[in-house]
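Here's the structure we're looking at; comments come further down.
The values are calculated or read from the model by the stated rules, or taken from the named source; none is laboratory data. These figures come from a predicted structure and were not determined experimentally. Here the Cβ positions follow ideal geometry from the backbone for every residue, glycine too, while neighbour counts run over all protein chains shown. All accessible areas refer to the heavy atoms of the entire protein, side chains included, with ligands and DNA or RNA removed. Shrake-Rupley method; radii C 1.70, N 1.55, O 1.52, S 1.80 Å.
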Amino acid sequence: LGNDISLVGWPKCGEIDIMEMIGGSGRENTVHGTAHWDDNNSHASYGGSKTLSSGTYNDKYHVFSIIWDETYIKWYVDNVFFVQIDITPAELSEFHKLHFFIFNVAVGGNWPGYPDSSTKFPQQMKVDYIRLFEKDK
């Protein structure tokens with residue numbers, strides 16, 4: 001999430017979802033990678049998804065990655081590329097500023113909708129590690 005969120009709000013701060021999974025209804029085999037930004041005072045987004053050929057993402061640990069440089073954000077799952085966005089246009093300036101990490105187990109909202117009697121609780125997120133690499137300056 002953009003480091004200046006308290007000054008400019010969302011989505012003007014920019015947001016990069018390295019990995020999102022919408023659980024339930026057999027969707028545990030697909031993850032999404034998305035960039036969110038402001039486009040003339042309106043929310044804009046671009047991304048893609050990666051679906052496993054068998055099993056679910058809960059079956060074992062996976063490595064969710066982005067490569068983010070001056071020109072692109074590229075998403076990977078287990079070192080397999082699945083989507084990229086060109087961030088060179090001026091309207092994507094949010095992605096040339098500082099961001100910070102958020103780990104979130106979200107429930108409800110517009111996507112995927114609110115929990116019902118089929119929703120399984122409790123839920124948990126297990127993270128083995130997070131690693132950040134920076135280019136030499």
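The count of lysine pairs in the chain that are at least 8 places apart or cross chains, and whose C-alpha atoms lie under 22 Å apart, stands at 12.
Would you mind checking the stretch 39-73 for residues with the amide N under 14 Å from a putative spin-label position 7 Å along Cα→C-beta of F133? Only 64-69 pass the distance filter. Within 10 Å of each candidate Cβ there may be at most 15 other Cβ atoms; applying that plus a DSSP loop requirement, which GluC sites (Glu not before Pro) in the stretch 1-102 survive? Answer by residue number: E70.
Which value, in Å² and to the nearest 10, is the accessible area of S45 when all protein chains are kept and the probe is 1.4 Å? About 60 Å², ignoring ligands and nucleic acids. Taking Rh as the Kirkwood radius computed over C-alpha pairs, what is the Stokes-Einstein D of the chain at 4 °C in a medium of viscosity 1.567 mPa s, expressed in µm² per second? Diffusion coefficient, whole number: 79 µm²/s.
Apolar share of the accessible surface for the stretch 1-123: 51 percent from carbon plus sulfur atoms, 1.4 Å probe.
Highest average first, the peptides 79-87, 49-57, 95-103 ordered by how many other beta carbon atoms sit within 10 Å of their residues are 79-87, 49-57, 95-103.
With +1 on each Lys and Arg Cβ and -1 on each Asp and Glu Cβ, how big is the dipole of the chain about its Cα centre, in debye rounded to the nearest 20?
400 debye
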